[in-house]
1. I'm checking my understanding of the structure. Among residues of region B:175-201 that are of a type in the set (A, V, I, L, M, F, W, C) and more than 8 Å from every other protein chain (Cβ to nearest Cβ), which one is farthest from A:Leu221 (Cα to Cα)?
2. Any idea how many residues of region A:69-98 are among the aromatic types (Phe, Trp, Tyr) and surrounded by fewer than 20 Cβ atoms within 10 Å (Cβ to Cβ)?
3. Find all pairs meeting these conditions: Cβ atoms under 6 angstrom apart; at least six residues apart or on different chains; first residue within region B:195-213 and closer than 11 Å to B:Leu163 by Cα and modelled with pLDDT of 95 or more; second residue buried (at least 22 other Cβ atoms within 10 Å of the Cβ) and small (Gly, Ala, Ser).
4. Quickly run through region B:219-260 and pick out the residues that are surrounded by 24 or more Cβ atoms within 10 Å (Cβ to Cβ) and either over 25 Å from B:Ala348 (Cα atoms) or among the hydroxyl-bearing types (Ser, Thr, Tyr) (or both).
5. Has region B:79-90 got any residue that is in contact with a Lys or Arg (Cβ under 6 Å, 6 or more places away or on another chain) and at pLDDT 95 or above?
6. Kindly indicate which of A:Gly283, A:Gly299 is away from every other protein chain (no Cβ under 14 Å) and either at pLDDT below 95 or within 28 Å of B:Leu354 (Cβ to Cβ) (or both).
7. Which of the residues spanning region A:325-367 are closer than 21 Å to A:Phe403 by Cβ and either among the hydrophobic types (A, V, I, L, M, F, W, C) or touching a Cys at 6+ places or on another chain (Cβ under 7 Å) (or both)?
8. Output the number of residues of region B:43-81 satisfying the condition of being among the acidic types (Asp, Glu) and either free of Cβ contacts under 8 Å to residues at least 12 places away in the same chain or in the same structural domain as B:Gly263 (by TED's automatic domain parsing) (or both).
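The values are calculated or read from the model by the stated rules, or taken from the named source; none is laboratory data. All values reported here derive from a predicted model rather than from experimental measurement. Here the Cβ positions follow ideal geometry from the backbone for every residue, glycine too, while neighbour counts run over all protein chains shown.
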Number of protein chains: 2
Amino acid sequence: MKRIEIQEANRAAVAAIQQSQPVLTGIGIAGEVVPRMRKNLLLHAGPPITWPRMSGPMRGAVMGALVYEGLAKTPAEAEKLAASGEVAFEPWHEHDGVGPMAGVATASMPVWIVEDKAAKRRTFCTLNEGLGKVLRYGAYSDEVMVRLRWMRDVLGPVLREALALRPEINLKALIAQALQMGDEVHNRNRAATSLLFRDLAPAILRTRAKNEDQLKVLEFLNANDHTFLNLSMPAAKIMLQAAEWREGSTIVTTMTRNGTDFGIRIAGLRDRWFTAPANIVKGLLFPGFTAQDCNPDIGDSAITETCGLGGFSMAAAPAIVKFVGGSVADAMTYTQKMYEITETESEAFQIPPLDFRGSPLGIDLLKVCETGILPQINTGIAHREAGIGQVGAGLVTPPMACFEDALAAYVETYCPKD
Amino acid sequence: MKRIEIQEANRAAVAAIQQSQPVLTGIGIAGEVVPRMRKNLLLHAGPPITWPRMSGPMRGAVMGALVYEGLAKTPAEAEKLAASGEVAFEPWHEHDGVGPMAGVATASMPVWIVEDKAAKRRTFCTLNEGLGKVLRYGAYSDEVMVRLRWMRDVLGPVLREALALRPEINLKALIAQALQMGDEVHNRNRAATSLLFRDLAPAILRTRAKNEDQLKVLEFLNANDHTFLNLSMPAAKIMLQAAEWREGSTIVTTMTRNGTDFGIRIAGLRDRWFTAPANIVKGLLFPGFTAQDCNPDIGDSAITETCGLGGFSMAAAPAIVKFVGGSVADAMTYTQKMYEITETESEAFQIPPLDFRGSPLGIDLLKVCETGILPQINTGIAHREAGIGQVGAGLVTPPMACFEDALAAYVETYCPKD
């Protein structure tokens, strides 16, 4: 493989990402719409992992999910079941989906359906539970169960009917707007959630649901600025799928973490995972917590950075430094540096403070290895023990070892010695 | 009056502005809540003006308002009535209120009520009509009348009931949030309108209105990103009222235009107007219009700049240059320059791209005259003929003569030659 051939492959890969058009088309039940989903399968964030190696928050989410799904009666029973080998664990990323933080999903959960109609692809993500004690951060108390059941029985069906009553929502345009409004759609989703709320509220009023349920749905969506995160993630995922399995390309198609390992995948290396231990996130902790409480980096949400959003677009969202730490100048610098490891600039996503420059798009494995500059990710921080929840938010990078291993595999695959 | 005494008066004036706490408390009927409002009185934007000197869009709005109020049957009859001297014209600013563009209001129109409870003050503004053919830009066709009647009969009552069902809305906090989301709340109100919509939607569902009317209200609010302009204006007005009538102070308490004249008022000079011909706005015109179509600067909306928002906070809203013209660097420069003519920085309104510096607050007449730097305003542009509407948006400054005349009056009042 010559350098010029790699460049051509990468250009084609990012052109495909640019052309992808994610739209929100509906809501389904995971067991009915997610490929190869089944009752005793739990999907999770990050690269593949077995129960013994799972971190505290991932275990907590698994225990809660088994109780929610009716596969276990108590968290203790769930823990035994999880360790027994009688339930399977597979990454969301291998089922056309993504999940924030622990990202654990079961067959009866409602999921957003995002489509790229020209490409005939669909991606999926659960609905965001809100803040506080939530499954995705490893909490599994009764309040978590009650909320998940309400989401299954009321929120999902009402949103499903509302979406069917209105035109599909163009997520690419909505994200582009949100970047003009100070979001980077990973840890700041206030504008995107507001725009989504404006789009959905009239349709929710037109459903056959009781006024009381319509009201609860509006109040639930309004109470949580991260509602849109569970849409920015599958939108980024579907755009990146356009670059997957591209012969010879060194573009990164996946970056994700399961709370133990960080994993990446490369377009030209298809579905091979390259993993290394996940880093600890540095950031701002909620009162009462210390660095000892923090679990290593977790969640599929780094799919936003992989698509040029999140940490890559922090210059569009200076207000985020109040949440993840650092200064406004740092936020500008993070975005500027990411142009050094990316193939191109997004045609859709513009960064107003950088004179509307397109966000840095298409992480190139070769550029990361050549420059030593690691992708910049911003993220929430989970407590390292099961059952507790979020302790803060901050900044993190992948371990360089993922990229070194991927480069070695690329050389082995495409540049035989003889 | 010594310089140090002026400085003390100015410090007290801006401290009072900083302490003001505007909250949205309800909706009323202008004739019932606006001081000294009566059936044959039309309120208008800008300093006082008589019918013969009114510009085209102001005349168009007056004609439409007379038909809407039932004081005339046709626009032609309205024109005769307006010229007859049988209806009175007075500035909104002399009735504790403000109106965007022509700003024409009659007794039966619904108005937002903004309060500063500690100061026991109230300000008022009509509800925003949306885009296209609207009264505030001088249009008076049937479609304008139908919309105004629906606003009186449905929108106003539904919003009034919704506001009564929920806690008052803290406008200062909402504006502060919107500045973190790329608004400057004069010509960019998308974030503020979205946040307001999120606050109001659940309460609208809780009203006794028919589902069909609730739906129409949500759709009307959602269709118009400028809904919040009619709240940022009375919020700015009530904050500036805290500085009015302050012995010796050179802080500007009002900047406004009626489409013919630009007028300012100064804290230490009480209710005296200092006027000069309004400038032409330079900006981006809608397709099909030329500079010849543009009316001179019009509207009370420059109250936002007087309060450190709008053009003074353009650095917070870089995306606005796509609407009013110029580059992102220009937007940064406009805000930076305004610190040279203002007394202090807002404690509430922060500008993220300038490292959360407070917005420039408290225009000082002396600093304007000493530096020759004029306040920077961004604004919509009305067609110069009655009945047409908006033709674009852009940037403008007050005429220096207003400030020169005010300075002369200040010297005469406070620095007698004896």
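1. Just the residues of region B:175-201 that are of a type in the set (A, V, I, L, M, F, W, C), to begin with: B:175-176, B:178-179, B:181, B:185, B:191-192, B:195-197, B:200-201.
Now restrict to residues that are more than 8 Å from every other protein chain (Cβ to nearest Cβ): B:175-176, B:178-179, B:185, B:192, B:196, B:200.
Values: B:Ile175: 21, B:Ala176: 22, B:Ala178: 19, B:Leu179: 22, B:Val185: 24, B:Ala192: 17, B:Leu196: 14, B:Leu200: 13 Å.
Among those that are of a type in the set (A, V, I, L, M, F, W, C) and more than 8 Å from every other protein chain (Cβ to nearest Cβ), it is B:Val185.
2. Within region A:69-98, the subset among the aromatic types (Phe, Trp, Tyr) is A:89, A:92.
Imposing the further condition that a residue be surrounded by fewer than 20 Cβ atoms within 10 Å (Cβ to Cβ) reduces the set to A:89.
So the count comes out to 1.
3. That search, which allows pairs on different chains as well, returns B:Leu200/B:Ala162; B:Ala201/A:Ala201; B:Ala203/B:Ala162; B:Ile204/B:Ala162; B:Thr207/B:Ala162.
4. Matches in region B:219-260: B:Leu221, B:Ser232, B:Ser249, B:Thr250, B:Thr253, B:Thr254, B:Thr256, B:Arg257, B:Asn258, B:Gly259.
5. Within region B:79-90, the first condition is being in contact with a Lys or Arg (Cβ under 6 Å, 6 or more places away or on another chain), and the residues that meet it are none.
No - not one qualifying residue is present in region B:79-90.
6. Values: A:Gly299 fails: either at pLDDT below 95 or within 28 Å of B:Leu354 (Cβ to Cβ) (or both).
Being away from every other protein chain (no Cβ under 14 Å) and either at pLDDT below 95 or within 28 Å of B:Leu354 (Cβ to Cβ) (or both) holds for just one of A:Gly283, A:Gly299, which is A:Gly283.
7. Passing the criteria: A:Met338, A:Ile341, A:Leu361, A:Ile363, A:Leu365, A:Leu366.
8. First, pick out the residues of region B:43-81 that are among the acidic types (Asp, Glu): B:69, B:77, B:79.
Filter again for either free of Cβ contacts under 8 Å to residues at least 12 places away in the same chain or in the same structural domain as B:Gly263 (by TED's automatic domain parsing) (or both), leaving B:77.
Residues meeting the conditions: 1.
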